[in-house]
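Report on the following structure.
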Amino acid sequence: MITPPFSIVLSGMLIMAYTTLNAQNNAADVSEEIATKFAAPANPALEFISASPSDISRPSNIKQLAAGLISGIDGDGKVKRGLAIEVAPFSYLQIKITTVDYRTNILKYMVYNTQISMGTVATSGDSKSTDLGWGGRVTILDKSDPMADEEFISDFEDTLAILKPANPGDAPTAAQLAAYKVAIDALKDKWLKEHWNAEWITIAYAGGSRLGESEISKRGNLGHQILIAGGIPIKEWGQMSFLAKWTNQQNSGLSQKLEELKIGQRFLVGGKSFNLFEEISFNPLLNKKDFEGNNLVDTKKAFSWTVGIEFKVTDGVWAVTGLGENANRIVGAKGIQVTSGLRMGISDKSRLSQ
Amino acid sequence: MNDPILLEEGTVSWDIVLSSPNAVSYRLWVRQPEKDWEIVKDGGLSDDVVDQGSHFATKGTEFAYWFGIGSTKPNSPYKLAVVLRQNGNVLVNGVLPEMGNVDNSGLAIKQKSISYKL
């Protein structure tokens, strides 16, 4: 429990952090620059090619998927930029996963929680080329997933009943929608309070190609990335997260790929709306020999650290402020930095749609 | 979507099959020709038991459903279907599938009404 004076100090820091955020359009990027991400990316393909499209297409059947892919090619046969597709293979499989299966059958749990993604973005510094990314993620375990809890599902069902219309075809009234929102938020909040730090494991893969003149026939390899991330609870007040990531990726400022390993640990103390955290990661360059004599690359830096605090600003959005040093590979990058930014969910991990 | 075709005037049985891990609340109605809508069943599907029941139907009888489908995972997929039978046989156009993704808030509302043909 946070005592009132400390809470006031923290609130002040939050306001400072949030003000800084509003003053800097790229503030969220700043925090990402320093802090190791202790979660599988929400969309591995888009993250791999550093794309942030305004709209992501989520086709739920083959026809929609085919239409989405066809629309990604222009009249000259070139790949369009800004394409972003995310699909759940479960939608395309003739497979039944009941609520009981979901909480008792790990294979079916993984199938339902598998996501495949694809996206395109204009190549940095090249007006004609396009970077194409693809990837996927699978949640192996997530004890904080309320959809795997029988009691939660039953309560959720009762909450949905608020929206029932009196007559066929009637839309929910404003009063029904308002009552539903209050009830579902309370239900999720109660769950999150009790399970915010529960154990979880996710694996992800991403790869990419650079398409010269945006043509598929002129593709070059951008690299690959494999990641496993997870967390375990420490009683009801903390969480220990881990991350292991192998990356072999083209850096936009270099002619050769950087092959790196990242092994990290993150320790959180707090609760569902406030955390103190520390992060340490070991980030060796695996292909040092390729950069011998290259003054642009620091082959020795291998440790990153960050300490800070994060607050829930609003549902699903966290403000982060702290101090840290990244194992910057490119010579000339900053050393120790003060950071502030926004994260979506605890450890970038949005468990609840709130 | 074409309307279901009755084998005969008489009892139609309905099943609701949920094939995804979602919270679902539902309401079903029937309206006989020249009558008002009547609620046939209010329920939920979280218990993993196929919900079923029956109603009388003749040509022009209308059947309607409302589903509130929920998930805590934004944009996640759902699959369910209403199956209409007579004498154990699925009616022509008697499978009413509902498939898609919940929205960014984790909610999908699906409703439809059909009119039996004979």
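What follows draws every value from the coordinates through simple rules; no lab data is involved. Bear in mind the structure is a predicted one, so any value in this text is a computation, not a measurement. FYI the Cβ positions are ideal-geometry reconstructions off the backbone, even for glycines, and counts take in every protein chain you see.
Points to keep in mind about this one:
- FRET efficiency for A:A178 and B:D42, using Cβ-Cβ distance with R0 set to 30 Å, rounded to 0.05: 0.90
- For region A:54-138, the relative contact order is 27 percent, taking Cα pairs closer than 8 Å that sit 6 or more residues apart in sequence and dividing their mean separation by the residue count.
- Partner shielding of A:144-156 amounts to 4, given as the average count of beta-carbon atoms from other chains within 10 Å of each residue beta-carbon.
- Inter-chain Cβ neighbour count for A:171-178, averaged per residue, equals 1 (cutoff 10 Å, partner chain atoms only).
- Stretch gain in nm, segment A:D189-A:T314, where the contour uses 0.36 nm per residue and the Cα spacing is subtracted: 43.8 nm
- Here region A:104-208 is treated with +1 on each Lys and Arg Cβ and -1 on each Asp and Glu Cβ, and its dipole about the Cα centre works out to around 340 debye.
- Where labels lie 7 Å past Cα in the beta-carbon direction, separation of A:A171 and B:S54 in nm: 3.9 nm
- Of the cross-linked pairs A:K78/A:K262; A:K128/A:K289; A:K78/B:K73; A:K96/B:K112; A:K257/A:K301; A:K188/B:K112, those separated by over 25 Å at the C-alpha level are A:K78/A:K262; A:K128/A:K289; A:K78/B:K73; A:K188/B:K112.
- With a Förster radius of 30 Å applied to the C-beta separation of A:N294 and A:W246, the computed FRET efficiency comes to 0.90.
- Residues of region B:93-118 with amide N under 16 Å of the 7 Å Cα→Cβ point at A:K63: B:96-101
- Chymotrypsin sites (Phe, Trp or Tyr not before Pro) lying in DSSP loop within region B:21-118, provided at most 16 other Cβ fall within 10 Å: B:W37
- Loop-located GluC sites (Glu not before Pro) in region A:265-304 (DSSP state not H, G, I, E or B) with no more than 14 neighbouring Cβ atoms inside 10 Å: A:E292.
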